[in-house]
Structures are given as structure tokens and as C-alpha cells.
Amino acid sequence: MSAMRRLVQKLKGLSEAKNSRVDAEMERELATHVALLEEELIRKGAEPAEARRQARLRLGGVEQVRMMHREARGLPLIESLIADVRFGWRQLMKRKVTTLAAVLSLGLAMGACMAAFLLIDAFYLRPLPVSDPSHLYVAQFEGLNWAGAPGTWNAASYPMFEKMRDAAKDLANVTALGYTSKNELTYGGYQQMEQAYQQPVSGEMFGLFGLKPALGRLIGPEDNLAPKQSPAAVLSYEYWQRRFEGDTQVVGKHFRKGDDDFEIVGVAPKGFTGTELGLMADIFTPSMMEPWVADKNDRDQTLFVRPKSGVTLATVQSVLDATYQREEQERAKMLDSLPENLRATFPNAHLRLQTVGSGVSGLKEGSAPSLETLSILIVLVLMIACANVANLMSAQSAARSREMAVRVSLGSGRSRLVRMVLVESTMLGVAAAALGLLFAWWAAPFILTKMTPADFPVRVALPMDWIVAGFAVALMMAVTLIFGMFPAARASHVYPAQALKGGEAPQAHQRAMHGLIAVQIAFCFIVLFIAGLFATSLARKTGLPLGFATEHVLVMETTAKQPIQMGRWDALLEAVRGTPGVQNAAMADRTLMGWSSQSTAVTVDGVTRKEVNAFLLKLSPGWIETMGIPLLAGRDIRDSDRDDTAALVNQAFVKTYFGGKDPVGRMFTPLDSKTPVTVVGVVGDAMYGWPSRTVVPQVYQPMPAANDSGSLKPLQMATLVVKTQMNDPMAMAETLRKTIMQTDASLRVVKVQSQRQVVDGKFVQERLHAATGEFFAAVALLLAAVGLYGVLHYSVILREREIGVRIALGATAGNIARTVTARVLAMVLLGTVAGSAAGLGLVRFITSMLYQVKGADPSMMMMPAIVLMGAALLAALPVVARAMRINPVVMLRSE
Amino acid sequence: MSSKGKATKASSEGMQLLQGTLDMIVLRTLAAMGSQHAYQIATRLEQVSDKLLNLNQGTLYPALVRLEQYGWIAGEWGRTENNREAKFYAITKPGLKALNEETARWRQMTGLVDRLLTEKFSA
């Protein structure tokens, strides 16, 4: 009780006005005390002067009493801490340049660190938001892939899933998730289409993941019994909030996607946006609503397995694998194009159950090595920043050794000095962490958007949760401690006599500082070097000749409710060609560099080449012209070719199957159709589905083929390619969508992209590397420049007197510039050399991520060296200017 | 108020006060003598202790602040007989209570120490 009261009193004592009043009162009290003592002593016969001396002696030092009094009434720790903070602030403000440099370097580095942590957390650390994720497994297939090369994949067909689910039904729960894809849908008429990410899931998913609806109900097994039976849709919580502002009336609403009319039945729990990292599903729909549920060859399902309690993983795995082997062997009988050497032991792969961890994704697999690279870059950047701060702080503490010495001489405790310096560095650390947090908040989504083309954004939730906040705080404390302890230790080892005499030789510090500069430059060089390699790699890869035009071309995937006669498609193409702004239009059954492919072995002159496949594309007349693919021999296909018997082939096909001889008029037989085909023309090589230097053999046949009776098959889907006059063909998307719907009311455009966007989608990985490289190169360069500037600035201040004398003695501007920068520039050179050596050593770790770039390439070394030199000169410029402005008269008088 | 502290040592320079006991002594003085100013308290302490206590008079002030913060004493400005202004301290009701408690504890403590020190060992 009274202790409490005392604390309150003490806290009251913290107020300054009150303090000075109490101080005055105490003065009065002490004055009375001394006076009374004096009087008494005089009464006892002492001389007045002696009495005064005795009185003061008896009381003890007035100053000490005052101190004891203050300490008794206040909270000395807090008070002196407040004083330290005030003092520290003044100190930091006094040296604005160094402070700013330190905060900036630390802030940038910490920000980069936190941004990287956000991404690493999102990709690796955060578990899937499902119940008991540690007992959830994903089916993975390991073995030889289609091309006979070893690989792992996690895709199975939906019929395969059904077989596995039924085979393991007593041992485990199994669910299948389709790919999350961006689809066009509408909540109103077809005039107002919008896009959303949709993921088809089997009925078991929500139950197996232990998820409870936030609203309404979730999709269950009963929604997924037969094709097209239950058009139910569940929204993700995030999408519900974003699109419907959390409207609880959303249940019961309908949307149309293609020809299906879905009803929203509920909202998934908060935080669950599917299992694919880098993709957030907005809408979940039953797998059975998709056309591929019966297709054994359409493998795009990811299987999740949760063993029932008491069942070992190995048991489940063996049952599932047995099913896999049996089904695949069955399927192999239907696969005519399967290379013979793979057929006997097909599928040449085994099913393995892998723990899920934080999610499964092609993106994650793709970006895993790059996240390692990211970590390397992060460490390098942090080290650069640390070198900066170490340099700046030791510069400061050296400059302050005299001040410290004075403090020690005046009786300041060493612990108090250490605390003072620590308070200062904590203030730096807090400021830097605040800056870093802001930077990370901006940088993490920025890196993500840089990673991916605008059309295919990687979407990851990046919440600033307590893990991230904890990481930030820990990082800050670590950095503050490391760089606070250093000058603090130094401060506490001040020897007043020595320091006041003129201090230690500043050269000793300078040597250490210059060493750190060299190290810093070396690290920066490595970062720039790696970034350069990635950037060049991306440029080389995107610079590969595609063989077709990407600009001005719009790709529109269009479907009809029912297959419609070819005449209506032709009418549609006419209408599109007639739209103002359109140069040409044609259609095909798939997109070049898109995500689907079809291939077959080919027989020429009775010889079937099974080790290599030709890739197929069905197209309408005018397609090669619209795509800008040159016709090299023969003629384009015509309307009259609309059967299976005419084809265009590319140069690679000619080389592979006809030994490079003119094939026009010759025949070949695709193994799939077994109908002989006549080559009517040869076209230039164009990339089919992925970037590479060698183009695969390709066969372009008319679409659609005639059926047995000779009439044309009706067609349900086609991909229109439209050559526009627009630089941004997407600007015509809406106009064309309307044209198409007005021409034929049964047609729907399900997806619109520019051909450029389609191609960009193929360089995600390279883009990721290049973007992270660029980002860290920029940060590292900035840090190095800031560090160089800080050190140069400091050394000029340290040598102001010397420079003043030199100027007074007639040194020229060139002399001064050399004096100021010579050693630092030498260090930059040394760092560059060391950095290139280290870079050469490191490069073998990233060769697998490079395309057509050699680390030892001198041009790859030149670029960072030149950039670094430029940055060093830029950093030196203001310092040299400052040095030259030193007025010798003012300078020498001030000493 | 803790009674732990450095051991006292009698020497030619007099005795050092056990930590925490100063507060008790001040309270006792005020309880016995009524309202007193700091100089009076200091003088009184010297008289009673026969100068055996080597007390820096300044150390009295932190004790007075402390006791005032506890609310055990209350200070009021007044005039001495020679018409000097001085702050007079008087013990409060909680102060009296605290004094009694502390005195009892002190007796208990010294009794115990005494017993321990005078115990005969039957070795």
C-alpha cells in the first residue's frame, strides 16, 4: 500500500515543473540546516569562517545530498534513461549525415530481409490452413517421364483418382483438386463478364481438410456423384469480402460460367484459398462440373491423402501405387504414340506420399532454388549494410573518444557511458526497423508482381502477422546489439589521459574502415554479378526467335453451347475481320506457347520414328498469315482442304522426317489417326509450347476434320487469333467480345489474352530470378554508395585541418580530390577484384538457373565493375566538393 | 523495510547505521518529541547516540523524503524560535502504526540474533 503510494509520488516527481519546485524547497531546507549548524558552532566559540566550513563538512557535500535527495524522490533509472534518449537524439541530430546513412543502410537491409522473410514465410513456413496438416499427404509420382527422363510430378487423371479413392476407402480418405485457373464468369448477363480464379475440387476435400463453412454449406461428396449433376459453388472468404463486401445474402446467388449456371451455396472459412501456393482460388466448384472428369489422359489432379487412424503410411502408399500401376498399364494399351522403349514397363514411375507442409505448387517447385538464391543475396546485402553501420558507428565513437574521456574525468560511471551509447544505437535500430518495415511492406508485393506477368499474377497472402513482427523485432534487436556493443565497448575503454592528449592515431580506425569498404564492395560486386547473370539469362531466353508475331495479336478462346456447324464459325471469322481495327483473323484448336499440346509419332515411307514426336495444331486458312509465320514452299491450306488429308509442316518436320528434301506433295501418316496426309506447304519454324532453341517438328492440319461420311464435324471450341492495329490488342477485347456475341448468340468468349501475355507466361521463373536480382542489385548498390559516402565524408571531417593546411599551401583541386579519394578508390578496386574472384567461385551454384550465359564471360564481369566504379565516383563527388570548399582561414582559426 | 545490510563494525570512528534503521530512528524521534525540523532531528540523533553514530547529517534528507512518500510523516513549513523558516516534520497515524510494527519486528530480530550469539555450544 505505502510502497504503491511511494511509486505514485515518484511518478509525480517525474514532472519537470514539480521537480524544480521541490528542488527549490530542498535548497531552502538545506540553507536553514547549514545556518543553524553555523549558529551553533559560533555559539560554541568557533570563528565564523571556520564555522561555515565545519557546518558544510558535517552536512556532507551539498551536491551529493542534492543528488541523494533527487534519487530518493524520483525514479533515477527512468529519469536518466529519458535524459539519455534526449541526449542521444541531440547527438544523432548533430551528425545528420552519418545518422541518415546508418538508418538508411540498416533500414534498407532490414527491409529487404523482412520482405524476403515474408515471401519465405508464405512459401515455406506457413502451414496449410487445414486441420492437422502434419498428417496430410500429397501423392507424388517419381520415375521416368514421357520423354524417358527422370522426373517427379503430382498430376493424376480424375478417373485415376476415383479408382484410388475406392481402392483405399477403408484405409484413407483421398481427395482430388484440379488446377486453379482464371476464368470468365458473370453474375448478370453476358455483357458483364468478370474474371475469377476457380478451382474444381472433389466432394471429399472440405471434409478431409476439416474445414467448416463461414456461411451456408460447403461442397460435399453428394455434390460430386455424376457429371453436371450439382452446379454448386463455394466462395473463398477473401473473395466473398472483396467481391461481395461480406454480404450474407450471397448464398443462393447464381453465376454463369460458359454454359453452366452455378449456385453459390456457401463461403469457405477465412484463410483457406486452396492448396496451390502462388494461386488463390476465389471459387470452389465440384470436379464433376468439368468436362475432363471422364478423360483418362487429362492428368491435372493433385491428390491429397489422409490415412485413417491406425493405418500406416506405407500401407496406404502400396495400395494406391498398385492401383496406379494397374490403371496406367491399362491406359498404355490405348496410347499409340507411347515410345516403344517406355511401353513395356509403363508407367515407369511409382506413387509416393509426401507430407504437404505449406502447400503444393508448380510455382513453389520452380521458385525453390530461387528462394535459396534470394537468401544468399539477402545475406550479402545484410553484410553490406552491417559493414556500413560498423564503419559509421566506429567512426562516430572514434570521433567521440574525447567527449567520452571528458565524461569519465568528470566522474561519469562507465556503465552509464555504455548505456548512453546503447541507447543511441537502439534509437538507430528502432528508426531503421521502422523504415525497414515500411520498405518490406512495399517490397514484398512488389517482388511478387515483378515475378509474374500482369496477366498471370502470383497471388500469395502476405499478412504482417505476429511471426513476421517477431522476426522484425528479433532482427532489430540482433542488429542493434551487434552494432551497439561495438562502440559501447569502445566507449567504456576510454583512457581519459590518452584520449585528451589527442587520442589514438586516427589511422588505426581508417585502416579498419578501409578494409570494410573493400569487403563491402566485394559483396556488392557479387550481388551485381549474379543480378547481371539473371538479367542476361532472361534477355537471352525471351530474345529467342519465337518464329511468330506476338505483338498486335489477341487470343480469344471461344466456346459454343453445343457444337455448331463450320459455316457459323466461318461467319463469325468474317464478322471479326470486318470489325474496324482488325487486320486479320483466323482460328485454331490451341494457342501457340499456350499450356496444352498434342503430339504423335509419324510414319514416313513405311518407317515409324517412335523416338521423336511431331506436335499437332488444327487451324483455319489464314492462320499462319495472321500469326506472321512465313510460308516457305507450297501453299497455305484452303477451305477445300477440310479433311484430314492435307497438312502444312514446319522446317523442323522436313528436316526430321524428309531429310531436309522438299516434301510438298509427299505423304506421311500420323500414328494417332492412321490416315495418310499429303504435305501441301512448308512453313517457318515457330515455337510450339515452350521456349527452347530447337523447334520441335510440327504439323498444321485444317480444322475441323471431316467425319466418316465426308461432311464436316460440328465444332464446339476454337481459339481465335485476331491481328489488330492496336499496340495494345487488349484494348479491342470488349469490342470483339460484343461482335462475337452479336454475330452468334450461342458463342461465349471464355478467355482473352494478348499473344504477348501468353508468351510472357512461359518466362515466370526467369522473370523471378531477374526481378529479385535487379531488386537486390539496386539495394546493394545503394547501400554501397551510402557506405562509401559516409566513410569519405567522415574521413574529410577528420582531416579538415590537414586539408585546410594543404589548401593554404596551394594544393590544387585535383590534389585535394586525390588526397581525399585515393585510398578509398584503391579499396574499391581491391573489392572489385576480390568480388570477381568470389563471383567466379559462386557461379557454379546457379548455372542450372542460367540460360546461355557463362559466368566466366568477361562481359558479365565488366558490367558490375563499371557500375560500381560509377557509383563510387558518384558517392565521392559531393565529398570532394565539400573538401574543396574548406576555407583554410576559418578552419585553422577554429582550432 | 529490509533488515539485510552490511555488518556494522565498531571502530574509533564510531558506528555505521544498519540500513533501514535510520527510518525507524527518525520515526521514533518524531513520535517522542513531536514536530521537529531536520536540524533538530539531526542534533537529537547525535545527542542520543553520544556521537557514537557516525552519521553524515545530509543522509537524513533522503530518509525524510522516503518517509514522506510513504505517508508516514508529513512536512510543513514553519518558523524556528529564532524566526528562521524551516520545514517541520510530524509523524502521521500510518507512521505510528508502521513504527510499532517495525519496532516489534526489530525486537524479534535482535532477540533472535542475541540468542544465536549467546548460545552455548556443547561441543
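Just so you know, all these numbers are worked out from the coordinates, no wet-lab data involved. All values derive from a computational prediction rather than experimental measurement. Cβ sites come from the backbone with ideal geometry, for glycine too, and all protein chains shown count toward neighbours.
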- J(HN,Hα) series, the stretch A:670-676, from Karplus relation 6.51 cos²θ - 1.76 cosθ + 1.60, nearest Hz, glycine and proline x: x, 5, 5, 8, 6, 9, x
- Efficiency of FRET between A:H350 and A:I78 - r from beta-carbon atoms, R0 60 angstrom, step 0.05: 0.35
- Task: Could you tally the net charge around B:T80, taking each other residue with its Cβ under 14 Å from the Cβ of B:T80, Lys/Arg +1 and Asp/Glu -1?
- Result: -3
- Item | Peptide B:65-77 - average C-beta neighbours from other chains (10 Å radius) | 4
- Note on the structure: For peptide B:81-87, the mean count of other chain Cβ atoms within 10 Å per residue Cβ is 4
- Please state the charge dipole magnitude for the stretch B:56-123, taken about the Cα centre, from unit charges on C-beta atoms (+1 on K and R, -1 on D and E), reported in debye and rounded to the nearest 20. 120
- Task: Could you line up A:L850, A:L335 from fewest to most neighbouring Cβ atoms inside 10 Å?
- Result: A:L335, A:L850
- Task: Mind checking which aspartates and glutamates have their Cα closer than 16 Å to the Cα of A:K257? Skip sequence neighbours fewer than 8 apart in that chain.
- Result: A:E184, A:E194, A:D282, A:E290, A:E557
- If you count, for every residue in A:35-42, the Cβ atoms of partner chains within 10 Å of its Cβ, what is the mean? 3
- Residue separation times 0.36 nm, minus the C-alpha to C-alpha distance between A:L877 and A:Q852: what's the value? 5.2 nm
- Amide H of A:L632: which non-local residues (sequence gap of 5 or more, or other chain) have their own amide H closer than 5 Å, using H built in the peptide plane? A:V682, A:V683, A:G684
- Note on the structure: Packing-ranked peptide list from A:719-725, A:435-441, highest mean Cβ count within 10 angstrom first, is A:719-725, A:435-441
- Query: Once Lys and Arg get +1 and Asp and Glu get -1 on their Cβ, which of A:L335, A:W292, A:Q317 lies farthest toward the positive end of the dipole of the stretch A:133-357?
  - Reply: A:Q317
- Output ³J(HN,Hα) for the stretch A:737-754: one whole-Hz value per residue in order, computed from phi by the Karplus curve 6.51 cos²θ - 1.76 cosθ + 1.60 with θ = phi - 60°, and x for Gly and Pro. 4, 5, 4, 5, 6, 6, 5, 9, 5, 8, 9, 10, 8, 9, 7, 10, 9, 8
- Of B:L64, B:H37, B:A104, farthest towards positive along the dipole that unit charges on Lys, Arg, Asp, Glu beta carbons give the stretch B:21-118: B:A104
- Of A:V805, A:F775, A:G787, which is farthest along the charge dipole of the stretch A:758-816 in the positive direction, counting Lys and Arg as +1 and Asp and Glu as -1 at C-beta? A:V805
- Task: Determine, for each peptide in A:224-233, A:95-104, the mean count of other beta carbons within 10 angstrom over its residues, then list the peptides with the highest first.
- Result: A:95-104, A:224-233
- Query: Tell me, what ³J(HN,Hα) does each residue in the stretch A:868-877 have, in order and in whole Hz, if you take phi through Karplus 6.51 cos²θ - 1.76 cosθ + 1.60 with θ = phi - 60° and put x for Gly and Pro?
  - Reply: 5, 4, x, 5, 5, 5, 4, 5, 6, 3
- Query: How would you rank A:S236, A:S640, A:S795, going from fewest to most other Cβ atoms within 10 Å of each one's own Cβ?
  - Reply: A:S640, A:S795, A:S236
- Query: Sorted from fewest to most neighbouring beta carbons within 10 Å, what does the list A:T186, A:T32, A:T812 look like?
  - Reply: A:T812, A:T186, A:T32
- Message: Explain nothing, just the number: dipole magnitude of the stretch A:631-687 about its Cα centre with +1 on each Lys and Arg Cβ and -1 on each Asp and Glu Cβ, in debye rounded to the nearest 20.
- Response: 200
- Note on the structure: Each label sits 7 Å from Cα toward the beta-carbon; between A:E194 and A:Q716 the label points are separated, in nm, by 2.8
- Residues whose built amide H sits under 5 Å from the amide H of A:V750, excluding neighbours closer than 5 in sequence, are A:E557, A:T558, A:T559
